[in-house]
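One structure is given here, and the rest of the page talks about it.
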Amino acid sequence: MQHDFMRNELIVQKKLNKHDLKKFIRLIWSTDLSKSLLFIGLIGSVLTTATQLMIPLVTQRFIDGVELDFFTPKMIAGIIAVFVIQVLLDAMSNFILHKVGHQVIAGLRSFLWKKVTRLPVKFFDQYASGEVVSRITNDTIIVQNLITSFFPQFITGVITVIGVFFILIFMDWQMTLVMLIAIPLVTILVKPLGNKIALISKEMQDETAVFSGKIQQTISEARLMKSSTAEPYEKEKGKRGINRLYKIGLKEARYMSLIAPLMYTLMMGIIVLVIGYGGYRVAQGVMSTGSLVAFLLYLFQVIFPAVTFMNFFMQIQKAAGATNRIIDILDEEEEPTEVGEEVDITNLPLHFENVSFEYTEGNPILKNIQFTTNPGEKIAFAGPSGGGKTTLFALIERFYEPKSGQIIAGTIPVQDISIASWRRQIGYVSQENAMMSGTIRENLCYGLPKDTKISDDELWKVAEMAYAKGFIESFPDGLDERIGERGIKLSGGQRQRINIARAFLRNPKILMMDEATASLDSQSERIVSQALNKLMEGRTTFVIAHRLSTIIDANKILFIDNGEITGIGTHEELLSTHPMYGLFAKQQLN
Ligand SMILES: Nc1ncnc2c1ncn2[C@@H]1O[C@H](COP(=O)(O)OP(=O)(O)O)[C@@H](O)[C@H]1O
Ligand SMILES: [Mg+2]
């Protein structure tokens with residue numbers, strides 16, 4: 001059985017180019033990095049590198065013994081002092097550059113996280129959650145490595161190479177030209193390898209994200225896996241992902257292992273060339289032994305930066321790839337929650353005007369929905385499952401926008417009202433009994449403004465109204481009982497009652513209940529329904545009924561079948577006019 005989960009990954013398979021690099025730099029620059037710190041760090045690097053550049057020059061004097069009296073005790077003390085200061089300065093500027101790097105990463109992660117919290121429901125329908133997580137954690141780590149370790153090395157490397165180049169030109173320009181042969185050689189031999197590795201590692205990132213997405217899904221539905229005895233299947237599926245990652249890893253290793261020996265051989269070649277040519281010049285008497293030694297020391301000084309450059313260019317391509325995905329997420333359209341008017345919707349009627357909706361193009365779920373509710377009314381929705389009732393609630397909650405038609409509050413189309421102000425006035429108890437991990441108290445107060453003080457008395461009151469007081473009291477920690485991830489330690493009915501209590505606490509103008517009392521026994525359902533009735537006074541309530549007994553008293557019942565309203569009326573009216581409703585009633589009410 002080939003059961004494929006979401007293969008709707010955030011992957012853009014395109015070649016990396018200059019444009020990506022520009023985007024990367026713009027992205028880095030847009031984070032809240034301190035430009036003055038960056039500047040100070042760079043100055044520190046320049047100073048330390050400059051000091052290090054002096055070492056071969058001092059050595060040269062030492063060897064050639066031109067002025068032996070140059071090394072007086074005072075001079076030696078001075079040199080030691082300079083070295084100590086140099087070490088301190090180096091440490092300080094390293095720290096500062098790392099700090100800037102961490103600022104960039106913190107900035108990127110904040111951008112991403114804020115973005116993800118503001119993306120519309122549509123986005124979360126589309127992508128596996130584990131994959132998005134991987135984007136926020138793994139992809140930013142790549143950028144972090146680049147910025148915190150490779151970037152400082154690169155900067156000091158550049159300074160060293162430029163410094164060495166000028167000193168050498170000044171010392172002996174012919175020898176310098178011999179060394180420069182290395183540059184085209186490195187470019188021809190190593191650069192294509194670097195490009196290849198960058199592409200492979202991009203593939204690695206994508207595959208890692210897909211893999212994370214899949215295992216996270218399995219882990220979060222561990223019970224389903226167990227009860228379906230799907231462990232062998234999951235084991236195989238995981239192994240496939242692991243194997244794919246293994247193969248990509250091997251491919252990367254193959255190219256990576258070529259780079260070091262290549263660079264090494266190249267460098268040895270250059271050293272042999274320099275010693276040979278230099279020895280010849282020393283023999284000719286054109287060059288001093290001291291100069292040759294200094295030359296070699298400089299050569300050693302640039303070997304390390306040369307290797308870091310290779311790494312840096314590879315890393316920057318990797319990071320550009322990671323940036324692409326980060327930017328993909330950052331480019332997703334946000335929900336404009338704050339845009340629009342603040343409107344008090346108390347006592348406003350709600351009109352659905354010819355509303356149609358589809359999740360996917362050409363697959364209509366709701367068709368020409370048309371109805372009006374008056375403030376304070378209880379409106380119920382009934383009909384076969386899959387008919388579109390929950391979807392209609394999602395439209396009222398404004399998780400999605402209608403494809404055509406509109407919803408109007410009073411005289412104002414809802415799209416002119418700010419989403420934040422709209423949702424604040426709606427209490428929504430959804431079908432899934434969704435819970436956050438944490439305590440009962442945190443779940444009751446979830447989403448309320450930070451500075452709202454809610455007393456225990458108030459919490460107990462709403463808990464009592466929702467028929468939740470009894471079981472909360474029985475927990476050792478009461479309101480502060482931890483309920484596990486997604487409230488796993490509570491029963492479905494308990495979760496539902498906490499959600500209802502939560503809706504009570506928010507004191508909404510519109511209350512929406514999606515089969516909200518479905519997992520209560522009839523005893524507690526009666527009590528919760530009474531509480532609901534009390535709560536409904538003066539506010540509009542939408543109820544999706546799982547049992548007709550809970551909606552007999554509704555002001556209006558809308559029968560939704562296959563995305564269309566096939567009947568509107570009171571229970572009595574529908575009984576006599578709507579055959580399918582009659583059938584429903586006959587099955588359930590006696
Ligand atoms: N997020 C979604 N993406 C795509 N299709 C969906 C989504 N949610 C529900 N549907 C589809 O919409 C239809 C109506 O579902 P729903 O509104 O949940 O019905 P009801 O609540 O009446 O049982 C179903 O055919 C379902 O497959
Ligand atoms: Mg439903």
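The values are calculated or read from the model by the stated rules, or taken from the named source; none is laboratory data. Keep in mind it's a predicted model, so treat the numbers as computed, not measured. Positions of Cβ are generated from backbone atoms using ideal geometry, with glycine treated the same way; all protein chains shown enter the neighbour counts. Keep in mind that these areas ignore ligands, DNA and RNA; they rest on the heavy atoms of the full protein, side chains included. Shrake-Rupley method; radii C 1.70, N 1.55, O 1.52, S 1.80 Å.
A few comments on the model shown:
- Near Leu511, the amide H atoms lying under 5 Å from its own belong to Gly427, Thr540, Thr541, Phe542; only residues 5 or more places off or on other chains count, and H is placed 1.01 Å from N.
- Derived scalar couplings between HN and Hα for region 139-149 equal 5, 6, 5, 4, 5, 4, 4, 4, 6, 7, 10 Hz in order, rounded to whole Hz, by the Karplus curve 6.51 cos²θ - 1.76 cosθ + 1.60 (θ = phi - 60°), x for Gly and Pro.
- Per-residue ellipticity at 222 nm, computed for the chain from helices alone with -39500 (n - 2.57) per DSSP H run of at least four residues, works out to -20500 deg cm²/dmol.
- Dipole of region 304-357 [Lys/Arg +1, Asp/Glu -1 at C-beta], most positive-end residue of Thr346, Val307, Ser356: Val307
- Electrostatic dipole magnitude of region 18-331 [Cβ: Lys, Arg +1; Asp, Glu -1; Cα centre; debye, to 20]: 1140
- Under-5 Å amide H pairs with Gly567, H placed in peptide plane, nonlocal only: Phe559
- Cβ-based charge dipole, the chain, positive-most Cα from Ile147, Thr570, Gly290: Gly290
- Across His571, His351, the residue with the most accessible area heads the list, and the full order at a 1.4 Å probe is His351, His571.
- Working note: Karplus 6.51/-1.76/1.60 with θ = phi - 60° gives region 99-109 the couplings 4, 4, x, 5, 4, 4, 5, 4, x, 4, 5 Hz, where Gly and Pro are set to x.
- DSSP bridge pairs, the chain: antiparallel proportion in percent, nearest 5: 50
- To the nearest ten degrees, helix 456-465 and the longest principal axis of the Cα atoms of the chain are 50 degrees apart.
- Averaging the sequence gap over all C-alpha pairs within less than 8 Å and six or more residues apart, then dividing by the number of residues, gives region 432-507 a relative contact order of 51 percent.
- Shown for region 18-331: the carbon plus sulfur share of the solvent-accessible area, taken with all protein chains present and a 1.4 angstrom probe, equals 71%.
- Taking 27 Å as the straight-line reach from the Cα of Lys22, the lysines in range (excluding those fewer than 8 positions away in the same chain) are Lys14, Lys35, Lys99, Lys114, Lys115, Lys191, Lys196, Lys202, Lys318.
- Region 114-148-region 479-504 distance, computed between alpha-carbon centres (Å): 28
- The chain - accessible surface per residue (Å², probe 1.4 Å): 52
- With Cα atoms, 0 to 90° folded angle of helix 151-171 axis to the chain main axis: 20
- Hz values of 3J(HN,Hα) by residue in region 481-498 - Karplus curve (6.51, -1.76, 1.60), Gly and Pro given as x: 5, 7, 10, x, 4, 6, x, 4, 7, 9, 6, x, x, 5, 4, 4, 5, 5
- Computed with every protein chain present, the accessible area of Ile96 is close to 20 Å² [probe 1.4 Å].
- Accessible-area value, Phe154, 1.4 Å probe, nucleic acids and ligands omitted, Å²: 40
- Ordered by solvent-accessible area of protein heavy atoms (1.4 Å probe), largest first, the residues Tyr298, Tyr446 come out as Tyr446, Tyr298.
- Pairwise centroid distance, computed over Cα atoms, of region 521-571 with region 349-402, Å: 15
- Taking amide H atoms as placed 1.01 Å from N in the peptide plane, the amide H of Ser418 lies under 5 Å from those of Glu341, Glu342, Val343, each 5 or more residues away in sequence or on another chain.
- Shape call, region 377-438: gyration tensor on alpha carbons, a/c limit 1.5: oblate
- Between the Cα long axis of helix 182-220 and the first principal axis of the chain there is an angle of about 20°, rounded to the nearest 10.
- Between the listed residues Gly484, Ala91, Ser134, the Cα displaced farthest toward the positive end of the dipole of the chain, a dipole computed from Cβ unit charges relative to the Cα centre, is found at Ala91.
- Within the straight-line cut-off of under 28 Å between alpha carbons, the lysines reachable from Lys226 are Lys214, Lys235, Lys237, Lys239, Lys489, sequence neighbours fewer than 8 places apart in one chain being disregarded.
- Cα-centre dipole for the chain with unit charges at Cβ (Lys and Arg positive, Asp and Glu negative), debye to 20: 1580
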